Amino acid sequence: MSNLSKLNVLMCKLINGEYTTGWTGSGASTSDKKVVGLTMFDLRRLGKIGKLGMVGVNGSKFPAIRQHLQENIESVYKDMDTSFEEYPKEGNIDPEAYKDAINKMSPGDAIIVFTPDSTHYPISLYAMERGIHVLVTKPATKLLSHHNELIAAARKHNVVCFVEHHKRFDPVYSDAKARAQTLGEFNFFNAWMSQPKSQLETFRAWAGKDSDISYYLSSHHIDICCWILQDKAVPTRVVASAATGIATGEPYNCVPQTEDTITLLVDWQSIKSPGHKGTAVYTASWTAPLKAGIHSAQHWYYMGSKGDINVDQAHRGYDITVDETGKTWYNPFYMKYSPSETGHFDGQRGYGYISIEKFIDAAREVNAGVAKPSDYDGHGYPTIANTVLTTAILNAGRISLDEKRAVGIKKSGDEWILQ
């Protein structure tokens with residue numbers, strides 16, 4: 001890999017950049033999701049990244065972001081440079097600043113899109129049409145039709161497009177996926193994921209307006225289920241239900257259509273055995289208690305005809321109790337923030353880091369001509385082509401809630417469609 005050219009990367013955050021910079025607009029994030037910027041700065045230190053840019057909407061936020069990065073990354077880790085080119089410039093507000101930033105890039109460069117869900121499609125498409133590799137956070141798009149268009153665009157322009165489904169790189173999830181292949185026909189899957197009510201403050205700008213909690217959180221475990229069942233079963237029908245009343249009340253006052261908790265009930269049909277049908281239940285909430293000791297509650301259960309799997313990724317046997325804050329469960333498997341013995345960043349083995357690094361490596365390999373973008377579809381990576389059923393289920397769930405009906409999923413030619 002050392003002979004591959006460095007990759008120039010643009011980080012796109014648009015509104016609050018919790019996942020990109022760890023800065024939410026009201027201050028530093030208290031979650032463990034400060035991943036993208038830290039990973040990019042470290043990969044630049046390690047020689048994989050060249051130029052770094054960051055694009056938002058309001059240029060006046062960048063001085064505070066730079067100070068935050070200097071205090072929390074550059075001053076914490078040895079040899080870490082947090083400099084970047086910003087778009088738009090200080091004093092300017094431009095919702096389409098990403099276009100100016102992308103226009104200054106060259107084919108073969110890359111963009112990382114961590115923005116509100118409704119913006120994933122236009123930003124990703126704009127970049128692909130200019131030969132830019134794309135890593136887009138989940139969900140890739142809100143509409144299945146848009147996901148299909150991104151699949152076509154990636155193929156047409158010969159670019160890498162991954163969806164940042166980092167849980168595929170969690171060693172527990174990937175091991176469970178492999179073990180599930182020995183458990184016979186699929187029968188039942190149940191997933192729960194939640195975050196505390198404080199997230200309604202962080203995401204107030206878009207919660208209930210541009211997207212919902214199912215798109216935001218259930219996308220994790222829906223993708224894991226689709227990954228486990230790839231070439232084994234396909235989803236055929238989705239029915240959704242939602243709880244309301246917390247997000248729209250005091251003190252959060254989100255828009256009236258904001259749901260608290262969303263559950264999707266999905267029918268699955270075995271590919272090889274017509275008599276085997278499975279059921280999956282995916283539930284997500286952003287109205288969980290504030291002092292549960294975890295940022296994300298996350299567990300799932302899988303049952304096949306020959307056995308089952310039970311995974312609890314919120315409590316990993318590692319907790320710390322402090323007088324002022326009580327007990328907290330930590331997850332250094334996602335991202336390890338404590339420095340190494342030499343004072344350098346030491347989180348390269350975290351699956352949050354690996355998920356991004358895999359994309360960087362793939363883009364560099366394609367640029368060097370040692371691989372084709374389509375090669376990664378067969379490697380189990382979360383490529384735009386490999387994640388289409390995740391979007392199909394999420395989109396069907398939204399339609400089910402809005403139209404109060406069951407929604408079918410089927411393949412028409414080479415594309416998946418909703419009925």
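Odds and ends about this structure:
- Among the residues making up segment 123-133, those that are surrounded by fewer than 24 Cβ atoms within 10 Å (Cβ to Cβ) and farther than 12 Å from Leu10 by Cβ are Leu125, Glu129, Gly131.
- Selection from segment 267-278 of residues that are open to solvent by 40 Å² or more (accessible area, probe 1.4 Å) and in a loop (DSSP other than H, G, I, E, B): Ile271, Lys272, Pro274, Gly275, His276
- Verdict on Val281 being open to solvent by 10 Å² or more (accessible area, probe 1.4 Å), among the β-branched types (Val, Ile, Thr) and either within 27 Å of Ser400 (Cα to Cα) or not in a strand (DSSP E or B) (or both): yes
- So Ile417, is it open to solvent by 30 Å² or more (accessible area, probe 1.4 Å), in contact with a helix residue (DSSP H, G or I) (Cβ under 8 Å, 6 or more places away or on another chain), assigned to a strand (DSSP E or B) and more than 20 Å from Glu164 (Cβ to Cβ): yes
- Extreme residue, farthest from the chain's Cα centre (by Cα), among residues of segment 1-33 that are modelled with pLDDT of 70 or more and surrounded by 21 or more Cβ atoms within 10 Å (Cβ to Cβ): Leu7
- Looking across His165, His120, His147, one residue alone is open to solvent by less than 50 Å² (accessible area, probe 1.4 Å) and without any contact (Cβ under 8 Å) to a residue 60 or more places away in the chain. It is His120.
- Test result for Ser218, in a strand (DSSP E or B), touching a residue at least 12 places away in the same chain (Cβ under 8 Å) and among the small types (Gly, Ala, Ser): no
- Residues of segment 72-93 classified as among the polar types (S, T, N, Q), assigned to a loop (DSSP other than H, G, I, E, B) and either within 27 Å of the chain's Cα centre (by Cα) or closer than 14 Å to Asp42 by Cα (or both), total: 3
- Scope segment 248-266; condition buried (at least 18 other Cβ atoms within 10 Å of the Cβ) and either among the basic types (Lys, Arg) or modelled with pLDDT of 95 or more (or both); matching residues: Thr258, Glu259, Asp260, Thr261, Ile262, Thr263, Leu264, Val266
- Looking only at residues in segment 94-117 that are in a loop (DSSP other than H, G, I, E, B) and buried (at least 21 other Cβ atoms within 10 Å of the Cβ), the one that is farthest from the chain's Cα centre (by Cα) is Asp109.
- The lone exception for Lys142 - which of (1) open to solvent by less than 50 Å² (accessible area, probe 1.4 Å); (2) in contact with a helix residue (DSSP H, G or I) (Cβ under 8 Å, 6 or more places away or on another chain); (3) modelled with pLDDT of 95 or more it fails: (1)
- Counted residues, segment 160-175 - those being in contact with a Ser or Thr (Cβ under 9 Å, 6 or more places away or on another chain) and of a type in the set (Gly, Ala, Ser): 0
- Here is the figure for segment 338-358: residues that are out of contact with any Lys or Arg (no Cβ under 8 Å at 6 or more places or on another chain), part of a loop (DSSP other than H, G, I, E, B) and in contact (Cβ under 8 Å) with a residue 24 or more places away in the chain total 1.
- Hey, Gly304 more than 25 Å from the chain's Cα centre (by Cα), at pLDDT 95 or above and of a type outside the set (Ser, Thr, Tyr) or not: yes
- Of all residues in segment 199-231, those satisfying the criterion of being acidic (Asp, Glu) and buried (at least 24 other Cβ atoms within 10 Å of the Cβ) are Asp212, Asp223.
- Some residue of segment 302-315 being surrounded by fewer than 14 Cβ atoms within 10 Å (Cβ to Cβ), of a type outside the set (Ser, Thr, Tyr) and not in a strand (DSSP E or B): yes
- Just one residue in the set Asp346, Asp402, Asp319, Asp361 is farther than 25 Å from Ile262 by Cβ, surrounded by fewer than 17 Cβ atoms within 10 Å (Cβ to Cβ) and charged (D, E, K, R); that residue is Asp319.
- Looking only at segment 305-326, residues that are in contact with a strand residue (DSSP E or B) (Cβ under 9 Å, 6 or more places away or on another chain) and more than 25 Å from His221 (Cβ to Cβ) come to 3 in all.
The values are calculated or read from the model by the stated rules, or taken from the named source; none is laboratory data. Since the structure is predicted, the reported quantities are computational estimates derived from the model, not experimental observations. Counting neighbours? That spans all protein chains shown, and the Cβs are built from the backbone with ideal geometry, glycine included. Heads up: the accessible areas ignore ligands, DNA and RNA and are worked out on the full protein's heavy atoms, side chains in. Shrake-Rupley method; radii C 1.70, N 1.55, O 1.52, S 1.80 Å.
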